[in-house]
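A quick write-up on the structure given underneath.
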Amino acid sequence: MIELRKQLPDGVQDYMPRECAIKRGLEEKLRQELKANGFKEVETPAFEYFDVFSKGIGAYMQEKMIKFFDLKGRILSLRPDITVPIARMVGTQDMAAGAPLRLFYIQDAYSAGGYTIAQRGEYTQAGAEYIGRAGSGADAEMIAMAIRMMLVSGVRDFKLDIGQVGYFKGIVEDMGLSDDNMEAIRSLVDSKNSIELEFTLDNLGISGDTKERIMALPGLFGGADVIAEAERLVSNETSLKALANLSEVYDALCKMGYSKYITLDLGMLHKLGYYSGVVFRGLTSELGFPVLSGGRYDTLLGEFGEPAPAIGFAMGIKRILITLERQGRLDEQTEEYTVIASDMDSIVQANTHADKLRKQGEKVIFLLDPTDDEIKAMSNDAQTAQIYSYKNGRLAPR
């Protein structure tokens, strides 16, 4: 029998000192970048009532939530997402009534089952939410923020794919499809599975111009010419409005100097019940899945209070670390420290010296009454900058 007390559950991991230092270093870079752009940090509970997520995320996530009961028999869930708890916090506290909110978080989220390198049971996300402002300007601001987050993380050779779910919604809005059929089509378009997509459309009796428009979606990928090509395919107001928004966002980002980082993809379709407008994903050649994902979700705040427009994104910290490692760009976060070794008779002098060095910004280990072997081990540590020994009340540098 496996001794479970010596095992880790599936989907989680330990971070050893080196790994933890690298992870914390990355998180602090991202934190400072978000603060420098006017975002304020918030923190939400690790678990909430299940009802918070049952509408906010949708049924497709419910089977992956880690659920349990409180002492009154009410269902709780570890948060599988952090945007929804922030929407709950903002909505119930009526925080969106004034000026637009720029909020950010660096927290863990949780999921059950199907663990892969792309999806862990416990995962840290760094994310930002821009609440209370609609329009192409706000969309461009947040996508630019996502690009700056990628840059400050140290990742190179990345792309942000940008889409607009309104274009697809306009094409299918009068078809009377069930939610299940809509989700099946959306998923196939998003995965660019054209063969299965055509088979599904034929089975649903979708033909003619509508079939042609849906089948064209996976190929609507590239630069500004994609918008003109997409515009020729549709005449409905919803789709045309989505294209106008996408064109304005793309133009703004190009004027900000970010054109080399962005592509347009009208076949990129995040979950339709969650997102309401522009969507985007950060991709690198080192991983076959997004390291960053986001979009506009104007209907979510209304689930918890007064409706308010909102857009946000989340970056997977572990995914960024894997990318950095594969690109050879991991920041080792090496820090030297001073060791002050003291015998029992020299505690006062040695401790005073240690405090003085710490106030000067040095990192100091105070080693009380060490053995010769312990001193030797410290001397062999590559991060030891200096060792001071106090014996009989006197300083003796080594």
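The values are calculated or read from the model by the stated rules, or taken from the named source; none is laboratory data. Note that this is a predicted model, so its numbers are computed, not measured. Here the Cβ is made from the backbone with ideal geometry for all residues, glycine too, and neighbour counts use every protein chain on show. The area values use the complete protein model at the heavy-atom level, side chains included, leaving out ligands, DNA and RNA. Shrake-Rupley method; radii C 1.70, N 1.55, O 1.52, S 1.80 Å.
Here the label points at GLU303 and ASP174, each 7 Å from Cα along the C-beta direction, are separated by 3.1 nm in the simple model. In the chain, the longest principal axis of the Cα atoms and the axis of helix 17-36 are about 60 degrees apart.
With both residues required to sit in the chain, DSSP beta bridges show an antiparallel share near 75%.
Remark: for residue pairs LYS6/LYS29; LYS29/LYS64; LYS211/LYS271; LYS23/LYS376, the C-alpha separation exceeds 26 Å in LYS6/LYS29; LYS29/LYS64; LYS23/LYS376. To put it simply, the accessible area of the chain at a 1.4 Å probe is 49 percent carbon and sulfur. Taken about its Cα centre, region 22-100 carries a charge dipole of roughly 140 debye when the Cβ of each Lys and Arg holds +1 and the Cβ of each Asp and Glu holds -1. Mind running the shape call on region 328-390? Use the C-alpha gyration tensor, a ≥ b ≥ c as the square roots of the eigenvalues: rounded below 1.5 for a/c, prolate if a/b tops b/c, oblate otherwise. Cα axes put region 328-390 in the oblate bin. At 4 °C and 1.567 mPa s, grab the translational diffusion coefficient of region 289-395 from Stokes-Einstein with a Kirkwood Rh over Cα pairs, rounded to a whole number in µm² per second. The estimated diffusion coefficient comes to 70 µm²/s.
To the nearest ten degrees, helix 347-359 and the longest principal axis of the Cα atoms of the chain are 30 degrees apart.
For region 321-356, the residues whose backbone nitrogen is under 17 Å from a point 7 Å from the Cα of THR371, taken along Cα to Cβ, are 342-344. May I ask you to derive the FRET efficiency for ILE195 and LYS255 from their Cβ-Cβ distance with R0 = 45 Å, giving the value to the nearest 0.05? E between ILE195 and LYS255, to the nearest 0.05, is 0.70.
Report the one residue of LEU151, MET95, MET175 whose Cα lies farthest in the direction of the positive end of the charge dipole of region 76-190 (charges on C-beta: Lys and Arg +1, Asp and Glu -1; origin at the Cα centre). Checked the options; the winner is LEU151. Once backbone amide H atoms are built at 1.01 Å from N, GLY121 has GLY11, VAL12 as its partners under 5 Å, excluding neighbours fewer than 5 places away on the same chain.
The P(r) of region 203-360 has a tail past 20 Å containing 68 percent of all C-alpha pairs. Dividing the mean sequence gap of close Cα pairs (under 8 Å, 6+ apart) by how many residues the chain holds gives a relative contact order of 18 percent.
When peptides 353-362, 126-135 are sorted by average Cβ neighbour count within 10 Å, with the highest value leading, the order is 126-135, 353-362.
When all protein chains stay in place and ligands, DNA and RNA are ignored, the 1.4 Å accessible-area order of VAL52, VAL12, largest first, is VAL12, VAL52. Average projection, convex hull of the Cα set of the chain: 27.3 square nanometres. Within region 271-338, the trypsin sites (Lys or Arg not before Pro) that combine a DSSP coil assignment with at most 14 other C-beta atoms in a 10 angstrom radius are ARG329. Cα axis of helix 136-153 to longest principal axis of the chain: angle in degrees, 0 to 90, nearest 10? The two axes meet at around 40 degrees.
When only the Cβ of Lys, Arg, Asp and Glu is charged (+1, +1, -1, -1), the dipole of the chain relative to its Cα centre reaches about 900 debye.
Solvent exposure of PHE47, expressed as accessible area, is near 110 Å², computed with a probe of 1.4 Å over the protein chains only.
Rounded, prolate or oblate: which fits region 111-228 when a ≥ b ≥ c are the square roots of the eigenvalues of the alpha-carbon gyration tensor, with rounded for a/c under 1.5 and prolate only if a/b beats b/c? Prolate, since a/c reaches 1.5 and a/b exceeds b/c. Which shape class, rounded, prolate or oblate, goes with region 29-161 when its Cα gyration tensor gives a ≥ b ≥ c as root eigenvalues, a/c under 1.5 marks rounded, and past that a/b bigger than b/c marks prolate? Since a/c reaches 1.5 but b/c is at least a/b, the shape of region 29-161 is classed as oblate. Between the residues GLY312, MET215, VAL348, the greatest Cα displacement towards the positive end of the dipole of the chain, with unit charges on the Cβ of Lys, Arg, Asp and Glu, is found for VAL348. Surface analysis of region 199-322 yields an accessible area of 41 Å² per residue, using protein heavy atoms and a 1.4 Å probe. Net charge dipole, region 122-220: roughly 480 debye, given to the nearest 20, about the Cα centre with Cβ charges of +1 for Lys and Arg and -1 for Asp and Glu.
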